[in-house]
Structures are given as structure tokens and as C-alpha cells.
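Quick notes on the structure that follows.
The values are calculated or read from the model by the stated rules, or taken from the named source; none is laboratory data. Everything numeric in this text was worked out from a predicted model, so none of it was measured. Every residue, glycine as well, gets a Cβ built from its backbone with ideal geometry; the counts of neighbours run over all protein chains shown.
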Ligand SMILES: [Zn+2]
């Protein structure tokens with residue numbers, strides 16, 4: 001039965017392939033055939049009009065007795081996904097059957113342009129319909145969407161939609177400000193409370209997808225009718241480097257692992273579509289799929305993305321599937337990521353977002369010719385990360401101009417890979433495009449939504465010697481004199497390698513590279529940060545603190561740097577200094593959960609139990625399934641002689657993370673002290689059987705001391 005729905009049988013998810021022997025054998029054969037190109041796909045394409053026809057017939061029979069219910073909306077953002085690595089965009093080697101089917105039945109935008117080659121700014125643009133200079137989120141990390149900017153989620157939520165987001169990478173966690181408007185915002189990753197900060201903490205797409213599917217299933221329940229519509233956003237991060245697709249894609253794409261990750265995410269999308277079919281809600285759901293940005297894959301000397309604004313990182317897939325509302329179409333003129341939210345709102349019969357710069361693409365999708373006049377893109381990553389010139393670009397249906405210290409002009413019609421810079425040969429055209437660029441974005445840098453510390457925070461920062469920590473003025477001063485990123489990309493690649501050394505605990509190599517770069521580029525912020533981390537890893541905490549301070553001189557709003565100084569202070573045994581520094585981090589970014597957890601632990605150790613409790617409560621409110629927060633709070637409650645509540649919190653922590661042996665040992669201790677000996681014994685027995693050395697020994701000792709049952 002279930003394989004009769006549109007999109008279902010060709011889009012079998014990876015989990016299904018792994019769990020069903022029949023599928024496993026088929027998948028190899030189908031996989032080979034799909035890679036070569038043909039028959040399965042044709043059969044499936046042929047089946048769809050029949051099924052959609054059936055839906056239309058049923059609608060006719062039922063008759064138009066009441067207005068059509070508002071559609072559900074499924075938004076899938078594909079991180080780091082190039083359009084030209086998808087079958088529907090012409091890649092014959094791709095294995096993207098679900099995206100290809102959505103494209104053939106829906107509207108495929110052939111030239112969708114991302115606003116920024118960076119995950120957070122690009123996503124904020126997608127969800128607000130605004131360019132970065134308007135919403136102010138210009139980079140990952142220290143930027144946060146302001147509370148007064150409406151988003152697709154807030155608009156749909158205000159109109160009664162049930163809303164949920166499931167994101168797969170730390171850069172999109174709720175600190176980004178994107179959680180507003182979502183009833184649920186699932187941003188739990190596998191960080192396991194590690195002290196290493198890592199923006200690339202991620203969750204595999206099938207796990208995120210499963211949670212999103214389950215949420216939809218809970219909304220639909222037994223009776224689909226009469227319930228409010230849902231909006232669900234699923235973010236898939238797998239094609240981000242490193243490229244390590246799971247089976248069977250690792251084997252199928254041994255020489256093209258990046259494409260293997262895209263194939264894997266296609267299977268995740270396929271699984272979701274199949275689930276919607278089984279739940280009976282696919283025909284009432286608009287499906288939109290869009291890339292946040294692409295991946296350079298060594299074009300122009302860039303390995304991944306973020307520095308440059310060439311088409312390899314700006315040209316993304318964008319597909320809107322809504323049979324019955326939108327006929328199949330391929331739209332050729334350039335469109336923008338910021339046009340997606342206006343399009344979805346109009347498709348759902350809702351008014352446009354206040355302040356949106358994007359426009360609805362429905363007229364284009366329905367055969368019109370008039371699209372956006374131009375598409376703007378930018379990267380401020382070179383400035384914030386490297387202290388180099390930022391890059392801004394504008395393109396129309398043929399020409400593209402990049403505003404860099406050495407400007408660039410490309411004729412995309414004949415030079416889509418941007419190999420021949422015509423700026424010197426066609427200065428008038430370059431100047432006209434520069435004027436167009438300035439008229440779109442203004443000549444200044446535009447909005448910068450960095451976390452702005454409040455008065456109390458500024459005082460604390462000043463006490464620590466951070467006068468001017470709130471200043472953003474460095475963006476405006478002397479931008480023209482900064483190095484041109486295209487002249488510096490080799491240096492950046494060396495730092496990328498150095499960063500990789502840090503990730504693999506090879507600090508000596510990282511330090512050597514960072515020092516080399518600093519010799520050539522004294523104020524390089526990224527190199528300074530790598531040097532600091534390398535010193536931290538080598539246990540040279542005093543030197544590391546100095547390097548973090550230098551980094552703060554270059555990037556005054558870095559909450560992470562304060563957090564890391566705190567970590568170094570902890571290791572130097574300077575707890576008071578650590579509390580001050582982690583407080584500075586929290587002053588800059590009050591939603592920095594990891595920093596708050598660290599402070600709570602430090603305050604607990606110093607006997608400042610009420611302050612610690614308050615920090616733990618805030619983290620729990622922010623991240624209800626953070627096991628470390630529950631177990632830390634339990635320790636505070638036990639110390640405050642509130643054993644009943646302590647036991648409850650320990651149990652919450654252990655439900656979330658049964659492997660927290662030390663929390664279990666502490667729980668057993670509290671149970672024992674309060675006379676609940678049988679329960680204590682059960683916990684000790686469990687630890688004596690399974691825990692690691694020290695906890696296991698302690699459990700044995702305490703068991704021996706307990707009265708015999
Ligand atoms: Zn991204």
C-alpha cells in the first residue's frame with residue numbers, strides 16, 4: 001500500500017534500505033542503474049500524473065463544499081549544497097531521485113542566488129526575506145537576529161500554524177535568534193558536554209530528519225481534519241566538510257564523497273516525503289527545498305566556502321513543490337534566497353513580511369517574465385575572521401560585479417565559472433554595476449546585529465579592562481586598505497590546515513603554521529585564535545590567555561574568547577578569575593549555555609549555591625534536555641539539603657543520559673543518606689556492573705557497607 005503514493009518508492013530513505021533485506025539487494029541494483037541514468041526513474045515519473053490525477057478526481061467527487069484548508073509547509077534547507085551537483089540541475093553523476101522528482105513535479109529555479117556563503121547569514125536571509133545588511137547577521141558566531149525582525153516562522157505562528165524546527169549544526173542553535181516563532185526548536189547535538197568549543201558540532205541528517213518526521217506525525221494524529229496546519233523546518237548539514245557519507249553512499253561515491261553526502265541527504269528528504277505520504281498529508285503540504293550556499297571544491301583556490309562570493313558558493317538549488325497550486329515549471333531568470341519566504345507566504349495565502357526585500361516568485365513560476373532586477377551577495381567573513389576586505393557582489397541576468405580591492409567583472413552568459421575578469425577592459429560597465437550595488441546595499445556596511453552588552457555588562461567588561469568592547473567602528477575604518485581576499489587565499493588555506501591540526505590535537509604543527517601566518521600578516525585574527533588554541537592544547541595557559549587577549553583586541557565582541565580565557569584560568573587554578581571571564585562571556589551573550597554551565601559549576605565549587613542554582617535553572621529553561629544542567633542542578637540541591645528535589649533532577653539527567661555514572665553515584669549517595677536503601681543498592685549494583693574504574697570501585701565499597709537486604 002505505502003508504495004503507491006507520489007514520490008514514495010523512488011525516494012526510499014537510507015534507514016529503510018539498511019533495515020529491509022529486500023531493499024538492500026534492490027538498492028544496489030537500482031543504485032547502479034540510477035547512477036547510469038534510467039529505468040526506475042522513468043517508471044516513477046510516469047506514475048506520478050496518474051496519482052495526482054487521482055487526487056484531483058477525489059477532490060471533484062467531494063466537491064468544493066468548504067474553503068480549501070491552509071497548506072502545511074515543509075521547508076528543507078540543504079547546507080553547503082551546490083545546485084550543479086543535483087540531477088535535476090544537470091549532474092548526470094548525482095543520485096538525487098527525490099530532489100529530481102520534486103523538481104520535475106514542482107518549480108525548479110535554475111539560477112537561485114544565496115545572499116551569503118555562510119550558514120547563519122544565509123539562513124537568516126532565507127527566513128526573513130532580507131539581505132544581510134538589513135537583518136544585520138553578517139557572520140556565524142557573534143551575530144544574533146534581533147527580536148523585532150519578523151520571520152517566516154513568526155508570521156506562520158501568528159496565523160495559527162504549529163511550528164517546529166530541527167537543525168543539524170551548532171551554528172544554527174537558538175543563540176542565533178532564529179528560534180523565535182517556533183513552538184519547538186530542536187538544536188540538540190552530540191556535544192556530550194565537552195569543553196572544546198566547536199562550531200561544527202553537528203547531527204547526522206537521518207537523525208534530525210527522524211525527529212522532524214515524528215513531530216509531524218504527532219501533529220497529524222488520527223484525524224487530519226480540523227487541526228491547524230503545521231510548518232516544519234528541517235536543516236540538513238551533511239554535505240558540509242568533512243565529507244564522510246554513511247553506507248551505502250560511502251561506497252557508491254568513493255571518489256566523490258561530497259556528492260555522497262548530497263545523495264544521503266536526498267534519501268533523508270525521500271524518507272520524509274514518504275512519511276508525509278503515509279500520514280496522508282503530502283497533498284496538503286507545500287515542500288520547499290533550498291541550499292543555504294554552495295561549496296567551492298577548490299575553484300578559485302578556495303577549498304570549502306565563506307571567503308569568496310563566486311557562483312560555486314552562491315548558486316544553490318531551489319525547488320518549490322505544490323501540485324494543485326503550482327504547475328511544473330523551470331524558471332530561468334536569476335532569483336534570490338530572500339525571495340523564498342515571500343513566495344511561500346503568498347502560496348499559503350498570507351500577507352508578505354514587513355521589511356522583506358525579497359519578492360514572491362509566483363508570477364515567474366506561473367510563466368511571467370519579470371523577476372528580481374538583481375541579486376546581491378556578500379561575505380564579511382574575510383573581515384571578521386581575517387581582518388581582510390569584505391566582499392560584496394551583484395549580478396543581473398548576465399553580468400556579475402564583485403566589489404573587492406581589485407574589482408571583478410564577469411560575463412556569466414559565456415563565463416559561468418568566472419575565469420576571465422573583465423573589470424579592466426570594461427570599466428564603464430564595472431562602474432555602472434558598482435553604482436547598482438551601492439544603490440541596493442548602500443555604501444556603508446549596513447546593519448551589524450552583534451550581541452550588544454547591556455549597561456551592567458559594559459561595567460563588568462570595563463572592570464576587566466575591556467573598554468570599547470561594544471564598538472563596531474572597525475568595520476568602517478580603512479576598509480579599502482585591507483588585503484584583497486583573492487590575494488590571500490593561500491594563506492587562508494594554510495590556516496584551514498592549522499585549524500585541522502587543532503581539531504586532531506596536533507597543536508605543535510598548528511602553532512608553527514599560525515606563527516608563520518602572523519609573520520606575514522600581523523593582525524590576522526584567525527591566526528591569533530589558532531595560536532591561542534594551540535597554546536591551550538599544550539597546557540601553556542598563561543601564553544594562551546595573552547593570545548586570547550590579543551584576539552579580543554582584534555575582535556572585541558568575541559564571547560568565545562572570554563569563555564576560553566575562563567577555561568585557561570580554571571586550569572591554572574584561578575577560579576575567581578575564571579568566574580569573571582565567563583561572566584564577561586555571558587555579558588556579551590546571555591544565551592551562551594556552555595558558558596553558563598561552566599559558571600554554574602565554578603559557583604557550586606565556591607559554595608555560591610543560590611547563584612549556581614539560578615544559572616542551572618536558566619540553562620534548563622533554555623535547553624530542557626541538557627543532562628549536564630540537570631545533574632549539576634541536582635548537586636546544588638543536594639548541597640542545599642533538598643534531597644527530594646535533588647533525586648528528581650538526577651533522575652531527569654539519567655533519563656537523558658543513562659551513561660552519566662558520576663551522576664548516578666551521587667544519586668545513590670543521596671538515596672542512601674535519606675534512608676532509601678533499597679533504591680540506593682540498585683543504583684550501586686548497576687554501577688558495580690557497568691561503570692568505569694573509579695566509580696565502579698566506589699560502588700563496590702558502598703555496597704559492602706550497606707546493611708544486608
Ligand atoms: Zn551552510
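Would you check which residues across the stretch 636-658 are under 31 Å from the mean Cα position of the chain (by Cα) and in a helix (DSSP H, G or I) and list them?
Narrowing the stretch 636-658 to residues under 31 Å from the mean Cα position of the chain (by Cα): 649-658.
Passing the criteria: 649, 650, 651, 652, 653, 654, 655, 656.
Going residue by residue through the stretch 683-696, is there one that turns out to be in a loop (DSSP other than H, G, I, E, B), without any contact (Cβ under 8 Å) to a residue 24 or more places away in the chain and out of contact with any helix residue (DSSP H, G or I) (no Cβ under 7 Å at 6 or more places or on another chain)?
Of the stretch 683-696, the ones in a loop (DSSP other than H, G, I, E, B) are 691-692.
Applying the additional criterion that residues be without any contact (Cβ under 8 Å) to a residue 24 or more places away in the chain yields none.
The answer is no; no qualifying residue exists.
Taking residue 465, is it at pLDDT below 95, surrounded by fewer than 16 Cβ atoms within 10 Å (Cβ to Cβ) and in contact with a helix residue (DSSP H, G or I) (Cβ under 9 Å, 6 or more places away or on another chain)? I'd like the intermediate steps shown before the answer.
Values: at pLDDT below 95: yes; surrounded by fewer than 16 Cβ atoms within 10 Å (Cβ to Cβ): yes; in contact with a helix residue (DSSP H, G or I) (Cβ under 9 Å, 6 or more places away or on another chain): yes.
So residue 465 fits the description; yes.
Select from the stretch 105-119 the residues that are away from the ligand (no atom under 16 Å from the Cβ) and closer than 19 Å to residue 292 by Cα and list them in ascending order. Write out each step before concluding.
Going residue by residue through the stretch 105-119, those that are away from the ligand (no atom under 16 Å from the Cβ) are 105-111.
Passing the criteria: 107, 108, 109, 110, 111.
So, residue 122, is that one out of contact with any strand residue (DSSP E or B) (no Cβ under 8 Å at 6 or more places or on another chain), within 16 Å of the ligand (Cβ to nearest atom) and modelled with pLDDT of 95 or more or not?
Taking the combined requirement at face value, the residue satisfies it.
Inside the stretch 93-183, counting only helices (runs of 4 or more DSSP H) that do not spill past its ends, which hold 1 or more residues that are assigned by TED's automatic domain parsing to the domain that holds residue 254 and more than 18 Å from the chain's Cα centre (by Cα)? Steps first, answer last, please.
On the way: elements: 97-105, 119-128, 132-135, 152-158.
Correct list: 97-105, 132-135, 152-158.
For residue 227, all conditions in the list (1) assigned to a helix (DSSP H, G or I); (2) more than 16 Å from the ligand (Cβ to nearest atom) hold save one; what is the number of the exception?
Answer for residue 227: the failing condition is (1).
Can you give me the number of residues within the stretch 388-414 that are touching a strand residue (DSSP E or B) at 6+ places or on another chain (Cβ under 9 Å) and exposed (fewer than 14 other Cβ atoms within 10 Å of the Cβ)?
2
Condition check ((1) within 14 Å of the ligand (Cβ to nearest atom); (2) over 21 Å from residue 265 (Cβ atoms); (3) at pLDDT 95 or above) across all residues:
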position	(1), (2), (3)
100	no, no, yes
103	no, no, yes
129	no, yes, yes
138	no, yes, no
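Is there a residue in the stretch 144-155 that is within 30 Å of residue 659 (Cβ to Cβ) and either surrounded by fewer than 22 Cβ atoms within 10 Å (Cβ to Cβ) or away from the ligand (no atom under 16 Å from the Cβ) (or both)?
Residues of the stretch 144-155 within 30 Å of residue 659 (Cβ to Cβ): none.
The answer is no; no qualifying residue exists.
State all residues of the stretch 581-608 that are surrounded by fewer than 17 Cβ atoms within 10 Å (Cβ to Cβ) and part of a helix (DSSP H, G or I); if no residue qualifies, say none. Break it down stepwise before answering.
As a first pass, look at the stretch 581-608 and keep what is surrounded by fewer than 17 Cβ atoms within 10 Å (Cβ to Cβ): 605-607.
Residue satisfying the conditions is 605 alone.
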